[in-house]
Amino acid sequence: MDELRGEPRHVHVRRATVDDFQAMMRVANRLHPRWFDAFAIRSSLPLDLRIHRGFVAKEEGRVVGFVTYTSNEGEVKISWIGVDPGLHRHGIGTMLIRAVEEQLGGMGIEYLRVDTVAESTQYEPYEMTRAFYERMGFTVERVREIESKDGGGRFHLATYLKRLSGVKSDG
């Protein structure tokens, strides 16, 4: 496992509120264009960050990361996760994912999914992203080809799956 750079000072995670929207967008804008494309910044994030449930990570009163999730037809999926690029590898993403897992596990949700650019796309930021999800216990469930909403042509999108621990079965 790769080494973390060290723990940031006074980071805590709490539920995101509508009042966090501008701060979450500031983090998202710092991730453009390496992780979030223009379509995401212009169209998807401004809506999704307002209506999806999620958490924010704050350091010294400043939002430094966020994660949102949603459900569709019985599948719960992380819709967005972003951490200030200057604080990558400090454990903030891990804290955010764990908050989602605890929330959903407590609701009896068995699986959590997340989509990301598939391994067939050799792009360093997403190699880091895939490695992060794999360290968090996600495995590839399926890969499909989709059309970029940002005019970048077609690419492969991987759906990663994680079984949440602590979920009680009916048996």
Which residue, of THR159, THR94, is polar (S, T, N, Q), closer than 25 Å to ARG62 by Cα and touching a residue at least 24 places away in the same chain (Cβ under 8 Å)?
THR94
Please verify whether segment 14-25 includes one or more residues that are within 23 Å of ALA158 (Cβ to Cβ), touching a strand residue (DSSP E or B) at 6+ places or on another chain (Cβ under 9 Å) and either modelled with pLDDT under 95 or open to solvent by 40 Å² or more (accessible area, probe 1.4 Å) (or both).
no
Within segment 42-83, the residues that are farther than 22 Å from HIS10 by Cα and more than 15 Å from the chain's Cα centre (by Cα) are ARG42, SER43, PRO46, LEU47, ARG50, ILE51, ASN72, GLU73, GLY74, GLU75
Residue in segment 96-108 that is of a type outside the set (D, E, K, R), touching a strand residue (DSSP E or B) at 6+ places or on another chain (Cβ under 7 Å) and either on the phi > 0 side of the Ramachandran plot or open to solvent by 30 Å² or more (accessible area, probe 1.4 Å) (or both) present:
no
Quick one: in segment 38-75, which of the residues that are in contact (Cβ under 8 Å) with a residue 24 or more places away in the chain and of a type in the set (Asp, Glu) is most open to solvent (accessible area, probe 1.4 Å)?
GLU60
With the structure loaded, tell me whether TRP35 is open to solvent by 30 Å² or more (accessible area, probe 1.4 Å), within 12 Å of the chain's Cα centre (by Cα), at pLDDT below 95 and under 19 Å from ASP150 (Cα atoms) or whether it fails that test.
yes
Among the strands (runs of 3 or more DSSP E) contained in segment 1-103, which hold 1 or more residues that are farther than 23 Å from GLU127 by Cβ and hydroxyl-bearing (Ser, Thr, Tyr)?
62-72
Find all pairs meeting these conditions: Cβ atoms under 7 angstrom apart; at least six residues apart or on different chains; first residue within segment 123-134 and under 13 Å from THR94 (Cα atoms); second residue part of a helix (DSSP H, G or I).
PHE132/GLY93
Given the conditions (1) in contact with a Leu (Cβ under 6 Å, 6 or more places away or on another chain); (2) closer than 18 Å to TRP35 by Cα; (3) modelled with pLDDT of 95 or more, which single one is not true for ARG89?
(3)
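Out of the residues in segment 122-171 that are assigned to a loop (DSSP other than H, G, I, E, B) and surrounded by 14 or more Cβ atoms within 10 Å (Cβ to Cβ), state the one that is modelled with the lowest pLDDT.
Filtering segment 122-171 for residues assigned to a loop (DSSP other than H, G, I, E, B) gives 122-123, 136-138, 148-153, 164-171.
Those still in the list that are surrounded by 14 or more Cβ atoms within 10 Å (Cβ to Cβ) too: 136-138, 150, 164, 167.
Numbers: MET136: 97, GLY137: 97, PHE138: 98, ASP150: 70, LEU164: 94, VAL167: 55.
Only one residue fits best here, namely VAL167.
With respect to GLU75, is the statement that it is farther than 21 Å from THR129 by Cβ and among the charged types (D, E, K, R) true? Break it down into steps so the answer makes sense when it comes.
On the way: farther than 21 Å from THR129 by Cβ: no; among the charged types (D, E, K, R): yes.
It is false that GLU75 is farther than 21 Å from THR129 by Cβ and among the charged types (D, E, K, R).
The values are calculated or read from the model by the stated rules, or taken from the named source; none is laboratory data. No experiment lies behind these values; they were computed from the predicted model shown. Backbone-built Cβ (ideal geometry, glycine too); neighbour counts: all protein chains shown. Please note that ligands, DNA and RNA were not included when accessible areas were found on the heavy atoms of the full protein model with its side chains. Shrake-Rupley method; radii C 1.70, N 1.55, O 1.52, S 1.80 Å.
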